[in-house]
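**Q** The structure that follows is given in the form of structure tokens.
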Amino acid sequence: MHYSAIFLLASAVCSFASPVWPRYTVDNEHFEVLALRATTQVNPAAVSDVTCIDPNLKIVFHDQNVAELGICGGIAGSITKCGGSPERTVGQSGSAKFTLTTATSGATINISKGRWEQCIRAARAICPTGSMSGRCTGGASSGDVNFTLESP
């Protein structure tokens, strides 16, 4: 066999030995979300009737967090419970809007920050992206609290 034929054959074998993988880029925000979710425990009993409305809807993670703490006129910082006993409340920021209503007619929302955060964490375990709706276990003067996360 001629040397050029051997070289050509060796080149062909080497080029097939290394597959070419497509290049994908992932936003740092995605890694932040994964890290946060990995460090927090999820209580599946904190939520029920979760529906993923539009998984492709772009809701910025930071906006979701701000809107989450914006319910009841704001439950960030040292505030540990929804004040004012509303039947309906909205928390909104940028691309995220939470709407909460009582599941029982005549009840009022008195959800604690811990219960609310557990509810949303459990719902996001079911619907990791986009808009969703569900029911937080408890959180009202009588019964549960319904919620919807959507883009305003």
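**Q** Return the pair list, or none, for Cβ contacts closer than 7 Å from residues in the range 97-108 that are among the basic types (Lys, Arg) to residues that are not in a strand (DSSP E or B), at least 6 apart or on different chains.
**A** Qualifying pairs under 7 Å: Lys97/Ala67; Lys97/Ser151; Lys97/Pro152.
**Q** Name the single residue, out of those in the range 128-150 being aliphatic (A, V, I, L, M) and touching a Phe, Trp or Tyr at 6+ places or on another chain (Cβ under 9 Å), that is surrounded by the most Cβ atoms within 10 Å (Cβ to Cβ).
**A** Ranking the qualifying residues of the range 128-150, first place goes to Val145.
**Q** I need a count of the residues in the range 128-152 that are of a type in the set (Gly, Ala, Ser) and assigned to a loop (DSSP other than H, G, I, E, B).
**A** 5
**Q** Any residue at all in the range 113-127 that's without any contact (Cβ under 8 Å) to a residue 40 or more places away in the chain, surrounded by fewer than 22 Cβ atoms within 10 Å (Cβ to Cβ) and either under 13 Å from the mean Cα position of the chain (by Cα) or not in a helix (DSSP H, G or I) (or both)?
**A** The answer is no; no qualifying residue exists.
**Q** Does Ala107 qualify as being hydrophobic (A, V, I, L, M, F, W, C), in a loop (DSSP other than H, G, I, E, B) and over 22 Å from Phe61 (Cβ atoms)?
**A** yes
**Q** Inspect all residues belonging to the range 48-61 and state whether any of them is at pLDDT below 95 and hydroxyl-bearing (Ser, Thr, Tyr).
**A** Within the range 48-61, not a single residue is at pLDDT below 95 and hydroxyl-bearing (Ser, Thr, Tyr).
The values are calculated or read from the model by the stated rules, or taken from the named source; none is laboratory data. Remember, it's a predicted structure, so these values are computed and weren't measured experimentally. A quick note on method: Cβ atoms are made from the backbone with ideal geometry, for glycine too, and the neighbour counts reach across all protein chains shown.
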